[in-house]
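The values are calculated or read from the model by the stated rules, or taken from the named source; none is laboratory data. Keep in mind it's a predicted model, so treat the numbers as computed, not measured. Cβ coordinates were reconstructed from backbone atoms using ideal geometry, including for glycine residues, and neighbour counts include every protein chain displayed. In case anyone asks, the SASA skips ligands and DNA or RNA and just uses the protein heavy atoms, side chains included. Shrake-Rupley method; radii C 1.70, N 1.55, O 1.52, S 1.80 Å.
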Amino acid sequence: MNAKGNTVTAYGDTRGDGAVQLSFTLPMPSGEKARQAALVLTARMGLQDARVVLMDPIDPGFTYFVVYAETRETVDVSTIQVHEVAYEAMEPEEINRFIRETFGRKLVVIGACIGSDAHTVGIDAIMNMKGYDMHKGLESYPEIRALNLGAQVPCETLAARAAEEKADAVLVSQVVTQKNAHLKNLTRLIELLETEGLSEEMVLIVGGPQVTPELAKELGYDAGFGRGTFPGDVASYLVQELADRESRRE
Ligand code: B12
């Protein structure tokens, strides 16, 4: 940070040294020529004082590198605008108590990874009992009825089941973003929910490694969660959003 506390650069050994570490693979055999190629490439990225600290032949004709280097660039963080999902983090017991006291019934949450996307781990991390990184999933919350439909679920199936279960929230996961498949799937789901008049009634949440709060809003979802999300983040946001909606209706 500078004197005003706004400007930052990468930090390694001493404050402001600009130290960065990068890794990449070159399609050439390991050796002095490959090492020089890695240094030239790093210099062309605008980085200075590059050192190859690892050169590993990973396959005939392919070499993996780890390079230390320095950047002279800085970022004025006061110029950065972020759109975060607004909620206060709550503990699971607090969330369950809040549901009992505020809604007086169990909340129904239905989730799936839609379209041809077969990546189940993200939605399972949020919904399944065992959860993720020591954070238990929504199935472990006694006041939440969590229905995880799994992966490769057609949008039509998810929308129909959400209506049938009178879900309070729809949780949709999209991991594969190749050829913008996620945009097509997520748009299709919103269209279906809108046609059925469900998009206003339910809280629509999308998640995945490439999902941002901005993208979620652009596509018509209420909130978007990316990498490193825990079940408690989603549950905290959900109960607060539902309570806000109830108080706006009163
Ligand atoms: C495991 C894996 C697979 C497994 C999936 C097994 C399974 N049952 O899920 C298999 C082998 C099947 C697979 C296949 C493919 N994969 Co794959 N896969 C991965 C890998 C290695 C890990 C993904 C993972 O499990 N992450 C762990 C979870 C916990 O993280 P997460 O998904 O980000 O979830 C977190 C958040 O994003 C968020 N979140 C996610 N969903 C939701 C939903 C809600 C509602 C909320 C609130 C939050 C949330 O919360 C989670 C917890 O914090 C990644 C690479 C990587 N290291 O990320 C590639 C990766 C995702 N795969 C990729 C690709 C390209 C494919 C294939 C197309 C490969 C191919 N050519 O066949 C196929 C596609 C198959 C298909 N039809 O979908 C690419 C995607 C690139 C892109 N941006 O599109 C990646 C990034 C690899 C790469 N670098 O190229 N894959």
(request) Report whether or not residue 221 is within 11 Å of the ligand (Cβ to nearest atom) and without any contact (Cβ under 8 Å) to a residue 60 or more places away in the chain. (result) yes
(request) Please specify each residue of the range 168-190 satisfying the condition of being farther than 13 Å from residue 119 by Cα and touching a helix residue (DSSP H, G or I) at 6+ places or on another chain (Cβ under 8 Å). (result) 168, 169, 170, 171, 183, 185, 186, 187, 188, 189, 190
(message) Which count do you get for residues in the range 129-144 that are open to solvent by less than 70 Å² (accessible area, probe 1.4 Å) and under 19 Å from residue 97 (Cα atoms)?
(response) 6
(request) Being within 15 Å of the chain's Cα centre (by Cα) and open to solvent by 30 Å² or more (accessible area, probe 1.4 Å) is the filter; apply it to the range 184-214 and report the residue that is nearest to the ligand (Cβ to nearest atom). (result) 209
(message) Can you tell me how many residues within the range 113-128 are open to solvent by less than 30 Å² (accessible area, probe 1.4 Å) and more than 9 Å from the ligand (Cβ to nearest atom)?
(response) 1
(request) Would you mind telling me which numbered condition in (1) open to solvent by 40 Å² or more (accessible area, probe 1.4 Å); (2) in contact with a Gly (Cβ under 9 Å, 6 or more places away or on another chain) residue 228 fails? (result) (2)
(request) Find the strands (runs of 3 or more DSSP E) located wholly in the range 1-111 whose residues include 2 or more that are surrounded by fewer than 13 Cβ atoms within 10 Å (Cβ to Cβ), in contact (Cβ under 8 Å) with a residue 24 or more places away in the chain and within 29 Å of the chain's Cα centre (by Cα), and list them. (result) 19-26
(request) Answer yes or no as to whether residue 165 is open to solvent by 30 Å² or more (accessible area, probe 1.4 Å), away from the ligand (no atom under 15 Å from the Cβ), in the same structural domain as residue 103 (by TED's automatic domain parsing) and closer than 26 Å to residue 84 by Cβ. (result) no
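Looking only at residues that are among the charged types (D, E, K, R) and part of a helix (DSSP H, G or I) in the range 215-225, which one is surrounded by the most Cβ atoms within 10 Å (Cβ to Cβ)?
The initial filter retains those residues of the range 215-225 that are among the charged types (D, E, K, R), namely 217-218, 222.
Now restrict to residues that are part of a helix (DSSP H, G or I): 217-218.
Values: 217: 14, 218: 12.
The qualifying residue surrounded by the most Cβ atoms within 10 Å (Cβ to Cβ) is 217.
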